[in-house]
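Working notes, beginning with the structure itself.
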Amino acid sequence: MGRKNVHRVRGIQTPSQLNVFEIAYRLNAWLYFNDFPSKSIERNGLISISLDRRRSPPEQWEDFLHELCHVLRHAGNQMQLPGAFVDYQEWDAECFVMYAAIPYSMYQKLILPNRESEAIDIVAREFGCTHTLAERRLQQIRRRKYQFVIGL
């Protein structure tokens, strides 16, 4: 997948635009829902992503972003790659999910309460992600702000 396809995703400015249908449409990707774990494939610039219909919409969104990372940033068939390289690709895809699901530019526009559980609820609802992902991203953002304040 070339960089030109990534640019089609530009113009997304609100959390409500962050969903499998909008992103798939902008990337001209084929989207399927099946009764097996999520998978993706990219051939000759054509993207196909199959999501597990048995999972909740927030889980499907995170699976979609994970698979999207693989087609945008990774090469090779994981069945034929060394284990350490597959581990790296999986780690990279999980990082991608965090940033793509809750972009900082959108996050910073939210007014969040000080109580963490309430903030997590709001972030999960606004960005259509799981509470687990919202919590991880909130902790990461707060940790980075703290590191900046103390000069690390």
Every residue from region 7-27 that is assigned to a loop (DSSP other than H, G, I, E, B) and charged (D, E, K, R): R8, R10
Every residue from region 116-152 that is of a type in the set (K, R) and at pLDDT 95 or above: R125, R136, R137
One residue is enough: does region 123-142 have a residue meeting the conditions in a loop (DSSP other than H, G, I, E, B) and aliphatic (A, V, I, L, M)? no
Name every residue in region 103-131 that is farther than 21 Å from I23 by Cβ, among the β-branched types (V, I, T) and either surrounded by 13 or more Cβ atoms within 10 Å (Cβ to Cβ) or touching a residue at least 60 places away in the same chain (Cβ under 8 Å) (or both), in order of residue number. I120, I122
Which numbered condition A84 fails, given (1) assigned to a helix (DSSP H, G or I); (2) modelled with pLDDT under 90; (3) surrounded by 11 or more Cβ atoms within 10 Å (Cβ to Cβ): (3)
Confirm whether Q60 is modelled with pLDDT of 90 or more, within 24 Å of Q140 (Cα to Cα) and not hydrophobic (A, V, I, L, M, F, W, C). yes
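The values are calculated or read from the model by the stated rules, or taken from the named source; none is laboratory data. The shown structure was predicted, so the numbers you read here are calculated from the model rather than taken from an experiment. As a convention, Cβ positions derive from the backbone with ideal geometry for all residues, glycine included, and neighbour counts pool all protein chains shown.
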